[in-house]
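Q: Below you will find the structure I want to go over with you.
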Amino acid sequence: MFFNHNYSGIDFRERKVTVATIKLDNEVPILQEIYETTLADTVIAGGRVHKPDLLVTSLRTILQQHKNISKHAHLAIPTQHSLIRKISSLPDVGEPELAKLLQFQIGETIHLPFEDPIYDFVKIGSIQTVKKVAASEDDFSLEDLTESVEIELQGPRSELLFFATSRHISEGLLESCVEAGLKPLTAELRAIALQRLLLYTHPNWLKGTEMIVDVSKESVDIHIFKNELIVFSRTMEINRHEYDGNLNTAEDVLNFDNDNFTIQEVAATNEVTSRFNEATYLDDLLNEIQKAQNFYRYSLGERDSEFDRIIVTGESTSLIFPMFVERLPNEIVQIDYSSIIDGGFMQHHLLNSCSVAIGLAMRGKEKKKKKKK
């Protein structure tokens, strides 16, 4: 009986698709082929697959021209169309009960920036009630008493990671892949794909508080992990015309407004640039990294957290990495892919560009779980 041991990962950006195929040899991943293609137009816009025909044609061409690419594929959901939140307000019950509770919470106490969301969750622990004890009756204020009673009434709580995305974007990508002749197995967030890759290639990473900066020409994904769990994931859109071309420049900033992530244009100047301005680009990028770190520390209650390292990946790694080393106080590292490639592999220049696709392909034979929404 024939068993498939080759699996692909496909990462979608607005105007680019990257693909990787992994062979699982006794559960050991060996990278077979990676590929990237730039699309003729934007295919993802407004939370939807904007030009499905163009995406289908591109995927078919990839399959026809690259016979080693497996049709059994895992897909990436773009970070800007996804949400990650830690929830600790629900009672300490099992996952089936939590799934039912979440159904009632969506739209009531849990508000999502998607009209028609798809969501999932993982229970990561329990929070036990800790009754506040004062040294003496005089030290126990009315506020302390009220807090103690509320905690005791609330009881033990579940701690879970909640993931959500837009049904429009996920189903649009799925339908395009099926029409192109692929056999999609699962879809997941880019951050989780990178986590899988790093836990295999660098098992000692992600154990503290660490940041992954995934830099492409169109955007920058910033992911923060603590104790091997994703706790923060946002996208910074990049308008390349702000840094090159004879156009007026404008300053874009991230707006961290709870779980809504937007880009706000706050100022414009008449300054004209004639070539790519690396210094301005780096300053803006470092500014966004600082904002992400501050948001994590002060809005997510991690004031004492220090970042152990910053991991740089993506198609612009060769540009960004040396500048990060020079300007940032953290340990700046790149991914070492040597544990998943053999001596005959020749596409080293594409490894960082395809890192998300590689992490997806490493998911292997895993299929979509039948967990209810």
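Q: Among the GluC sites (Glu not before Pro) within the stretch 179-229, which fall in a DSSP loop and have no more than 15 other Cβ atoms within 10 Å of their own Cβ?
A: Those that pass, being in a loop and sparsely packed, are 228.
Q: In whole Å, what is the distance between the alpha-carbon centres of the stretch 65-101 and the stretch 301-321?
A: Using only Cα atoms, the two centres lie 23 Å from each other.
Q: Separate question: Among the listed pairs 183/226; 123/217; 16/183; 71/217; 51/291; 86/291, which are separated by more than 30 Å between their Cα atoms?
A: Violating the 30 Å Cα-Cα cut-off are 183/226; 123/217; 51/291.
Q: Let me ask you something else. Output the peptides 311-318, 103-110 sorted from most to least packed, where packing is the average of other Cβ atoms within 10 Å over each peptide's residues.
A: Packing proxy ranking, top to bottom: 311-318, 103-110.
Q: Amide H of residue 189 versus every other amide H placed in the peptide plane: which residues, excluding those fewer than 5 positions away on the same chain, fall under 5 Å?
A: 77
Q: Taking θ as phi - 60°, what are the ³J(HN,Hα) couplings along the stretch 6-11 by the Karplus curve (6.51, -1.76, 1.60), each to the nearest whole Hz, with x for Gly and Pro?
A: 10, 9, 10, x, 10, 10
Q: Further question: How much length is gained if the chain between residue 45 and residue 89 is pulled fully straight, taking 0.36 nm per residue apart and subtracting their Cα-Cα distance, in nm to one decimal?
A: So the extension gain works out to 12.4 nm.
Q: Calculate, in nm to one decimal, what residue 280 and residue 108 gain on full extension: separation in residues at 0.36 nm each, minus their alpha carbon distance.
A: Full-extension gain reported as 57.7 nm.
Q: Here is a further query. In terms of modelled amide H atoms, which long-range or inter-chain residues lie less than 5 Å from the amide H of residue 232?
A: 224
No lab work stands behind these numbers, since they all come straight from the coordinates. Keep in mind the model is a prediction, meaning the values are calculated, not measured. Here Cβ is always computed from backbone atoms with ideal geometry, including for glycine, and neighbour counts include all displayed protein chains.
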